[in-house]
1. Taking the options A:LEU83, A:LEU20, name whichever one is touching a Lys or Arg at 6+ places or on another chain (Cβ under 8 Å) and either more than 24 Å from A:ALA163 (Cα to Cα) or touching a residue at least 60 places away in the same chain (Cβ under 8 Å) (or both).
2. List the residue pairs whose Cβ atoms are under 7 Å apart, where the first residue sits in region A:86-113 and is more than 24 Å from A:ASP135 (Cβ to Cβ) and facing chain B (nearest Cβ under 10 Å), the second is open to solvent by less than 20 Å² (accessible area, probe 1.4 Å) and of a type in the set (Gly, Ala, Ser), and the two are 6 or more positions apart or on different chains.
3. When you look at A:THR242, is it over 18 Å from the mean Cα position of the chain (by Cα), under 22 Å from A:ILE27 (Cα atoms) and open to solvent by less than 10 Å² (accessible area, probe 1.4 Å), yes or no?
4. Scan region A:57-72 residue by residue and report those that are assigned to a loop (DSSP other than H, G, I, E, B) and within 14 Å of chain B (Cβ to nearest Cβ).
5. Within region B:85-101, can you find the residues that are buried (at least 19 other Cβ atoms within 10 Å of the Cβ) and β-branched (Val, Ile, Thr)?
6. Listed residues B:ALA156, B:ALA75, B:ALA173; which is assigned to a helix (DSSP H, G or I) and either touching a Lys or Arg at 6+ places or on another chain (Cβ under 9 Å) or buried (at least 16 other Cβ atoms within 10 Å of the Cβ) (or both)?
7. Within region A:7-56, which residues are of a type in the set (S, T, N, Q), out of contact with any Asp or Glu (no Cβ under 6 Å at 6 or more places or on another chain) and more than 14 Å from every other protein chain (Cβ to nearest Cβ)?
8. Of B:LEU108, B:LEU78, which residue is assigned by TED's automatic domain parsing to the domain that holds B:PHE199 and modelled with pLDDT of 90 or more?
Amino acid sequence: MTPKVEVRDLRVFFGGEEALRGVSLDIAANRILGVIGPAGSAKTTFLRALDRMNELKAGCRTAGRVLVDGEDVYGPACDPVALRKRVGMVFAMPVPLPLSIYENVVYGPRLNGVRNKAELDGLVEECLRAAFLWDEVKDRLGGSGLKLSGGQQQRLCLARTLAMRPELILLDEPCSGLDPISTARIEEALSLLKERHTIVLVTNNTKQAARASDETAFFLMGELVEMGPTGRIFTNPSDKRTEDYVTGRFG
Amino acid sequence: MNAHRASQRVAVSILAAATFLCLAIVAFVIGFVLEKGLPQLSWEFLFTKPRDMGKAGGILPAIVGTLALSLMAIAVALPLGVGTAVYLAEYTRETRVTKVIRFGTDCLAGIPSIIFGLFGYIFFVTTLKMGWSLIAGALTLAIMVLPTLIRTSEEAIRSVPQSWREVSMSLGATRWETVRKVVLPNALPGIVTGVMLSFGRSIGETAAVIFTAGSSFRLPKSAFDSARTLAVHFYILAREGISTDKAYGTAAVLVIAVLAVNGLTYALMGGFMKRKAR
């Protein structure tokens, strides 16, 4: 089976400094790829390179290739705006837009020109259910997204991303500020979502990668040290540095 | 220990005295103008034309002239100012060019208004042959209030959290869609404040207006008629010793108008804040 995403010798520079140093890997469709590594190992930079979010920052330059379904994301024919409609992203800090819960979820579809009220209503319920948030907010969809708790906000952000019906979902430490119950909710949602989506989950929590991902990639200092099935990475890694990290000897 | 406390007490007293003095000066000026001016106010004064060069009659043309001039100035300056602010804050990275633009607008803000008046007279009134007219005055005032509008709008736009822009872009919005749907709605309170400040400044302006809109006290019928504003009317009445009483009456109307604009600004801001906190 051809991979959903092929990354070839991907390098990202910020102001001349090489943050991501030549990463190559394949991401299989309908799988969750966990990306682990200590702070400063360029996990987030890698993630943001996949939907060209890095280039919103000044002084950023990217080299190498990222193929999504065989199409080069950095090729001249690719429009980053169209790309970001296909690739959803959930950030580390929950960031609801200063709109109602309902309007948060339909923000993307409205940009795509969906006007039909019934269609939007259906989408809101479907996505909030998929993010395990529906039961908690179904009676106050008109209330502000900013008034939700942190865990609810992050699930709202996930629902908002799902409403785009993205093929690929990128999550950047989505649970870093959340309590264990909210974290469990999000992981539960992800395990169901991979039936229809391909997911990349960057996490500082090694245990989360062990629980939630099918494959795990270990990053260190901007390089990919090792990638493989999650079970093997955690029980029988081939690189000494991976072993030290997953057993908690450093990082 | 006691010396510390004593110095603390002295400092607080001096600061409180300074604050009180400022308030007292403002209250004195407003009180003085209102005390002399309020007795002059009547329906006749507000809603009839002046007679006998302004010795008698009312100030209706000046009220109409002031409103028309200020509204026209804002109508010109608002799109230009907000457009510039959006461009500077959203579409440019901090480079030498943006620094020059910002330096330019700051310089513009520091120029005395009579220089704007002179410029407006030479450029709009004479070169473009607009004559003394509302339109020449409004364009001059628009240039004068632009720096304030740009600065306040730019600050309001920059105060919108960066993370909201990122989220919007990550959902497939273009930068313009992000500006329209996320940035501008949330920068609105700051922009409105800038508009109100500019409006207040236009209402009270004299030097820039007298050279460009002229001082005819006929009721203006179109944008190309000359008109007299309240501030100019007051200036002429007082300067030429026509009528001190009518001058104070005019000043009272002017002061009340400026207070009303400022009050309205605060009320609007309060409303915005409440809506955002909901």
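1. Sole residue among the options that is touching a Lys or Arg at 6+ places or on another chain (Cβ under 8 Å) and either more than 24 Å from A:ALA163 (Cα to Cα) or touching a residue at least 60 places away in the same chain (Cβ under 8 Å) (or both): A:LEU20.
2. Short answer, once both residue conditions are applied: A:MET89/B:SER170; A:LEU111/B:GLY172; A:LEU111/B:ALA173.
3. Working: over 18 Å from the mean Cα position of the chain (by Cα): yes; under 22 Å from A:ILE27 (Cα atoms): yes; open to solvent by less than 10 Å² (accessible area, probe 1.4 Å): yes.
Here the answer is yes, as A:THR242 does meet what is asked.
4. Going through region A:57-72, the residues assigned to a loop (DSSP other than H, G, I, E, B) turn out to be A:57-59, A:69-70.
Hits for region A:57-72 are A:LYS57, A:ALA58, A:GLY59.
5. So in region B:85-101, the residues buried (at least 19 other Cβ atoms within 10 Å of the Cβ) come out as B:85-86, B:88-89.
Selection gives B:VAL86 alone.
6. Values: B:ALA75 fails: either touching a Lys or Arg at 6+ places or on another chain (Cβ under 9 Å) or buried (at least 16 other Cβ atoms within 10 Å of the Cβ) (or both); B:ALA173 fails: assigned to a helix (DSSP H, G or I).
Answer to the check: B:ALA156.
7. Taking region A:7-56 first, the residues of a type in the set (S, T, N, Q) are A:24, A:30, A:41, A:44-45, A:54.
Next cut, out of contact with any Asp or Glu (no Cβ under 6 Å at 6 or more places or on another chain) only: A:30, A:41, A:45, A:54.
Those that are of a type in the set (S, T, N, Q), out of contact with any Asp or Glu (no Cβ under 6 Å at 6 or more places or on another chain) and more than 14 Å from every other protein chain (Cβ to nearest Cβ): A:ASN30, A:SER41, A:THR45.
8. Working: B:LEU108 fails: modelled with pLDDT of 90 or more.
Just one listed residue meets the conditions, B:LEU78.
The values are calculated or read from the model by the stated rules, or taken from the named source; none is laboratory data. Just so you know, these numbers come straight off a predicted model, no measurement behind them. Neighbour counts run over all protein chains shown; Cβ positions are idealised from the backbone, glycine included. Heads up: the accessible areas ignore ligands, DNA and RNA and are worked out on the full protein's heavy atoms, side chains in. Shrake-Rupley method; radii C 1.70, N 1.55, O 1.52, S 1.80 Å.
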